[in-house]
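This report concerns only the one structure given below.
Laboratory data are not the source of any read-out in this text; all were calculated from the coordinates shown. Fair warning: this is a prediction, and the values are worked out from it, not measured in the lab. Cβ placement follows ideal geometry from the backbone for every residue including glycine, while neighbour counts extend to all protein chains displayed.
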Amino acid sequence: MESETIDKTSLWHNRNFVSLWTSETISQFGSQFTGLALPLTAVIILGATAAELGILGFAATVPWLLFGLLVGVYVDRHHKKRIMVTSNILRGSLLALIPIAAVLGLITRLGIPFLYGLTFLIGFLQVFYDVTYQSYLPSLIRRNELVEGNSKLQASASTAQVSGPTIAGIVISILTAPITIAIDACSFFASALSLSRIEHEEEIDETITRPSVRSDIREGLHVVLNDSRLRMIAGCTGTSNFFSTAFQTIIPLYFILQAPDGLGVSKLLVGVTLGIIFSIGSIGALVGVAIATRTATRIGVGPAIVISALIFGAGGLPYYLSGSLVTNPLLSVAGLNINWNVLALMAGNFVISIGVVVYNINQVSLRQSIVPIRLQGRMNATMRFLVWGTIPLGALAGGLLGTFLGLRTAVGITILGVSLSFLWVLLSPVRSLRTIPEPLE
């Protein structure tokens, strides 16, 4: 069932969409704090090694492998808003335990296993939220509004990525990394409040006889694996996620170990610098939002997906070529020294952000458009199982590569892997799509 909208030309008149957008914007902004603060807590406060960072990333994402397909069935059978609100409240409550443990002086006593357990539980709840979120949007807006809706949601995420890491780096330097996570915990509660304001009647017939869970899972797998377009998009995204997660797992340690004196002050400076690099580079995400629809219109949705996948792979090269972030400064801005390495990483991250956003807006809109509403939960769960199921494996791979081959070699391997992921969509029917096709029967 599609909701009514007042103005066909803009989703800002759709109250339900605005509530969903507000919720996601708040949550995205808060997540920037944990994204930087959690690995810094592990490295600086708990002295985590590359292998331990890999296990931390594995714990956060392995629920996709364990529960992803089952959650898709659950989402298609239950009220989506309730699932999303509950997930956010519980995730906020679990995250709050980290700053509480830090304030009570317990975090070093609990150690890295404490973070493993929490990130696993939070990851489990995220499976429910993310499957529901992408399945919910097509029921709130019209099919021909999906690109606009995904663009607006991506714009808020991109804005958070621009400002969030810089603010997070500054806040971490003042409050310490574990205390900063409290901001993300609060954002989950605020996000849940915004979601609760959605007034949309979900039609779920509780009286019908449902097929078995196994049958439902099989139908979701059939939808994705029997469609070469969806299958190859899953291959591209899954490959990219595997190698990019391996890269992200070791990159904080990679740069921290290049700090000249190895002391906490230098480590903290690296953390702040990385936050600024991610923020400045993420301006490219806003550019991606602005050009995603026009690019697909001008060259076709398929070529837009292929070219953007190529771009986000190529943008990682400066990370392999760069050295220390805190030596040989060219200039100082607000007390922060900036050298050529910092500038190169900003440029590389700018290119990556453009490619990722253009790719995601177009491939997610394609997926949502060609699959019937009744199968959205299982389709998204299957896609997430395939493309996010590689993330925990990538986290472990990053830790192992960094441990046995050295961090620099590991960074080079992961960048090469991301760069080649575009071959999946290049060698598929996706490349020839000019417009988004009609839904599958």
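Here are the numbers for the structure shown:
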quantity: Long-range HN-HN contacts of Thr49 with modeled amide H, under 5 Å; calculated: none
quantity: Nearest-ten-degree value, helix 50-61 long axis tilted from longest Cα axis of the chain; calculated: 20
quantity: Angle between the chain longest axis and helix 146-175 axis [Cα atoms, degrees, rounded to 10]; calculated: 20
quantity: Karplus-derived HN-Hα couplings along the range 16-21 (A = 6.51, B = -1.76, C = 1.60, θ = phi - 60°), whole Hz, x at Gly and Pro; calculated: 5, 5, 4, 5, 5, 4
quantity: Label assignment, volume of the Cα convex hull per residue in Å³ derived from the structure, set (i) 165; (ii) 202; (iii) 137; calculated: (iii)
quantity: In sequence order, calculated HN-Hα J values of the range 284-293 (Karplus, 6.51, -1.76, 1.60; Hz; x Gly/Pro); calculated: x, 5, 5, 5, x, 4, 5, 9, 4, 5
quantity: The chain - mean residue ellipticity at 222 nm from DSSP helices (-39,500 (n - 2.57) per run, n ≥ 4, rounded to 500); calculated: -25500 deg cm²/dmol
quantity: ³J(HN,Hα), Karplus 6.51/-1.76/1.60, whole Hz, each residue of the range 214-227, x for Gly, Pro; calculated: 4, 5, 5, 4, 4, 5, x, 5, 4, 4, 7, 6, 8, 10
quantity: Tilt relative to the chain, helix 264-281 - C-alpha long axis, 0 to 90 degrees, to 10; calculated: 40
quantity: Descending principal axes extents, the range 95-136, alpha-carbon based, whole Å; calculated: 41, 17, 8
quantity: Size-normalised alpha-carbon gyration radius of the range 341-441, reference 2.2 N^0.38 Å; calculated: 1.35
quantity: Choice from Thr108, Thr119, Thr180 showing the highest fluctuation, given a GNM over the chain with Cα pairs closer than 10 Å; calculated: Thr108
quantity: Residue exposure sequence - Tyr74, Tyr319 - by fewest surrounding Cβ within 10 Å; calculated: Tyr74, Tyr319
quantity: Coil-residue GluC sites (Glu not before Pro) of the range 1-108, DSSP, other Cβ within 10 Å capped at 15; calculated: Glu2, Glu4
quantity: Cα-derived Rg over Rh, computed across the range 46-111 with Rh taken as Kirkwood radius; calculated: 1.10
quantity: Packing-based exposure ordering (other Cβ within 10 Å, fewest first) of His13, His78; calculated: His13, His78
quantity: Whole-number percent relative contact order across the chain, with pairs defined as alpha carbons under 8 Å at least 6 apart; calculated: 28
